[in-house]
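In what follows, a single structure is set out as structure tokens and then discussed.
Each reported figure results from applying straightforward, stated rules to the coordinates on display, with no laboratory input. The structure displayed is predicted, hence computed values, not measured ones. All Cβ positions, even for glycine, are placed from backbone atoms using ideal geometry, and neighbour counts span all protein chains on display.
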Amino acid sequence: MGADDKLENKTDELKGKAKQGIGEATDDRDLQAEGQADQTKGGLKQAGEKVKDAFKG
């Protein structure tokens, strides 16, 4: 897994956390859900890349 992929995946997670936090602060359930989805997407992509790395090494 390249450093660019790791950074992009981590960025997705952090953006998701920010969206979720803003959604909670403003009582915006749609933004909260979008933030949770972004976090999940970033986490799943990272997990998939780690599996790929395990089979390469």
Report, by residue number, each residue of the range 15-30 that is part of a helix (DSSP H, G or I) and without any contact (Cβ under 8 Å) to a residue 12 or more places away in the chain. Glu24, Ala25, Thr26, Arg29, Asp30
Take the conditions among the basic types (Lys, Arg), assigned to a helix (DSSP H, G or I), at negative phi and out of contact with any helix residue (DSSP H, G or I) (no Cβ under 7 Å at 6 or more places or on another chain) and apply them to Lys50. Does it pass? yes
Does Ala33 satisfy being touching a residue at least 12 places away in the same chain (Cβ under 8 Å), hydrophobic (A, V, I, L, M, F, W, C), loosely packed, with under 15 Cβ neighbours inside 10 Å and not in a loop (DSSP other than H, G, I, E, B)? no
Breaking point among (1) of a type outside the set (Gly, Ala, Ser); (2) touching a helix residue (DSSP H, G or I) at 6+ places or on another chain (Cβ under 9 Å); (3) free of Cβ contacts under 8 Å to residues at least 40 places away in the same chain, for Lys56: (2)
